[in-house]
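The values are calculated or read from the model by the stated rules, or taken from the named source; none is laboratory data. None of the values given here were measured: they were computed from a predicted structure. No Cβ is skipped: glycine too gets one built from the backbone with ideal geometry, and neighbour counts run over all protein chains shown.
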Amino acid sequence: MYRCRWFVLCENVVNDKQSNNLTLVNTLSVVRAPSFPALHVRFAFAAVLDREGEPAGQLSLRFVRENDEGDEILLTATGDIQEPLVAQFYINFPMGIRLFKEGTVTFRVEVQEGESEWYSVGSQSLRVERLEQADVSPPTKSKEPEESKPAAG
């Protein structure tokens with residue numbers, strides 16, 4: 001069985017191809033929008049899973065958003081794991097993610113080994129708030145510049 005070493009929501013994930021290290025850009029705990037529904041254009045997640053013992057088949061991962069109407073599967077990925085004891089996943093959502101209302105949104109990482117049942121290995125919550133517009137006074141009308149007059153001479 002896999003367990004989640006860590007799972008992070010952020011705006012962008014950069015993978016160093018030589019070292020396979022990840023750079024997590026702007027980790028997210030709160031996002032704000034002026035109205036809802038809204039599109040948060042920079043959204044990504046990264047997770048590292050590990051396990052003890054041999055995997056029980058091909059590893060699949062899914063990224064789930066919990067909501068009042070039921071869970072929404074945002075992504076499912078299946079692949080051969082090069083190092084079966086440690087699995088690193090990340091995705092940048094190029095179209096962003098829709099935010100439907102203010103409140104707390106929980107995202108979950110689930111895994112499946114072979115044909116077994118899906119099980120949750122980690123979750124993260126994201127606080128969604130309304131962006132309050134600062135009261136801005138209307139600009140004051142500036143004085144018209146005085147006409148320049150030629151100097152008397």
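Determine whether region 36-56 contains at least one residue that is over 19 Å from the mean Cα position of the chain (by Cα) and assigned to a strand (DSSP E or B).
Checked region 36-56: at least one residue is over 19 Å from the mean Cα position of the chain (by Cα) and assigned to a strand (DSSP E or B).
Would you mind finding the one in Arg51, Arg3, Arg32, Arg42 that is within 20 Å of Ser116 (Cβ to Cβ) and surrounded by 13 or more Cβ atoms within 10 Å (Cβ to Cβ)?
Arg51
Mind checking which residues of region 77-127 are touching a Ser or Thr at 6+ places or on another chain (Cβ under 8 Å), closer than 17 Å to Leu9 by Cα and of a type outside the set (Gly, Ala, Ser)?
Correct list: Thr104, Val105, Thr106, Phe107, Arg108, Val109, Glu110, Gln124, Leu126, Arg127.
Based on this model, can you work out whether Gly114 counts as among the small types (Gly, Ala, Ser), surrounded by 13 or more Cβ atoms within 10 Å (Cβ to Cβ) and at pLDDT below 95?
It is false that Gly114 is among the small types (Gly, Ala, Ser), surrounded by 13 or more Cβ atoms within 10 Å (Cβ to Cβ) and at pLDDT below 95.
Any residue that is in a strand (DSSP E or B), touching a Gly at 6+ places or on another chain (Cβ under 8 Å) and either at pLDDT 95 or above or surrounded by 16 or more Cβ atoms within 10 Å (Cβ to Cβ) (or both) - is there at least one of those in region 6-20?
yes
Scan region 106-137 for residues that are farther than 25 Å from Thr78 by Cβ and not small (Gly, Ala, Ser) and jot them down.
Leu126, Arg127, Val128, Glu129, Arg130, Leu131, Glu132, Gln133, Asp135, Val136
Hey, which of the strands (runs of 3 or more DSSP E) in region 70-121, taking only ones fully inside, have at least 2 residues that are over 18 Å from Val30 (Cα atoms) and free of Cβ contacts under 8 Å to residues at least 24 places away in the same chain?
Filter on region 70-121 gives 72-79.
Among the residues of region 14-39, what is the count of those that are in contact (Cβ under 8 Å) with a residue 60 or more places away in the chain and under 12 Å from Tyr90 (Cα atoms)?
So the count comes out to 3.
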